[in-house]
Amino acid sequence: MKTMKDDIQSVLYTEEQLREGVKRIAAEINRDYAGKEIYAIGILKGAIIFYADLVREINVPVSFDFMAASSYGKGSTSSGAVKILKDLDFSIEGKHVIIIEDIVDSGLTLSYLLKNMESRHPASVKLCTLLNKPERREVDVKIDYVGFEVPNEFLVGYGLDYDSKYRNLPYIGILKPEVYTK
Ligand code: PRP
């Protein structure tokens, strides 16, 4: 029987490497936020695995909240407009916010979310992503915490999907082109 693994060309980051990357980011956050409390905003759905692993390595109090956003015209010419599909549950006024993403590609989602969050008057906002794909960047966005700089390949696993699948792979793999070109 065909398994998910058969669609993977190669493994880019193993579970062990991801664990180390998560620990490295958490150590930076623990240092920067010592004595503070964090309002961690996970961007659904891709970030949830990274989010769940990251918060368990953070040693200051963390409040959980989530947003879902989708950019219009994704995959074709991007208009830059982003639609909020699910908003935060609570006010972030006066809070130290960290936005947590799985990947930054064009940068459109994160730059929109950053502006949107800033308009709600938090005490501070920082951006954290597991993966950064600078080759695909369309708008400049300053990312505060990055796990790995990745090549311009179709990545799946550890939260990242193709056609809603592969999110539950425990590693990050490069998808075989034949899977998404047919
Ligand atoms: C992905 C990712 C970011 C966004 C990055 O989400 O999680 O939110 O795309 O792309 P950008 O930098 O070009 O804006 P996606 O819309 O695929 O939704 P998902 O998280 O539910 O998979």
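Every number here is computed from the coordinates shown, using simple stated rules; none is lab data. What you see is a predicted model, and the numbers here were worked out from it, not measured in a lab. Methodologically, a virtual Cβ is constructed for each residue, glycine included, from the backbone with ideal geometry; neighbour enumeration extends over all protein chains shown.
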Notebook entry, point to check: Simple spin-label model, 7 Å along Cα-to-Cβ: Met1 to Asn152 in nm?
Noted result: 3.9
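Using DSSP, restrict attention to beta bridges with both residues in the chain and report what percent are antiparallel, rounded to the nearest 5.
35
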Margin query: Within a 10 angstrom radius of the beta carbon, how do Asp7, Asp65 rank from fewest other beta carbons to most?
Written below: Asp65, Asp7
Margin query: I'd like the FRET efficiency for His121 and Arg19, computed as 1/(1 + (r/R0)^6) with the beta carbon distance as r and R0 of 35 Å, rounded to 0.05.
Written below: 0.45
Checklist line | Ranking of Asp105, Asp163 by count of other Cβ atoms within 10 Å, fewest first | finding: Asp163, Asp105
Check: Considering only Met67, Thr129, Ala27, whose Cα is most displaced toward the positive end of the charge dipole of the chain, charges sitting on Cβ of Lys, Arg (+1) and Asp, Glu (-1)?
Finding: Met67
Notebook entry, point to check: Setting aside same-chain residues fewer than 8 positions from Lys133, which aspartates and glutamates have a Cα under 20 Å from its Cα?
Noted result: Glu15, Glu20, Glu101, Asp102, Asp105, Asp144, Glu149, Glu153, Asp161, Asp163
Notebook entry, point to check: Where the only charges are on Cβ atoms (+1 Lys, Arg; -1 Asp, Glu), what is the dipole of segment 90-182 about its Cα centre, to the nearest 20 debye?
Noted result: 160
Notebook entry, point to check: Using unit Cβ charges (K, R positive; D, E negative) and no other charged atoms, how large, in debye to the nearest 20, is the dipole of segment 1-108 about its Cα centre?
Noted result: 120
Checklist line | Stretch gain in nm, segment Lys182-Lys165, where the contour uses 0.36 nm per residue and the Cα spacing is subtracted | finding: 4.5 nm
Item checked: Exposure proxy order (Cβ contacts within 10 Å, fewest to most) of Lys95, Lys5, Lys126 -> Lys5, Lys126, Lys95
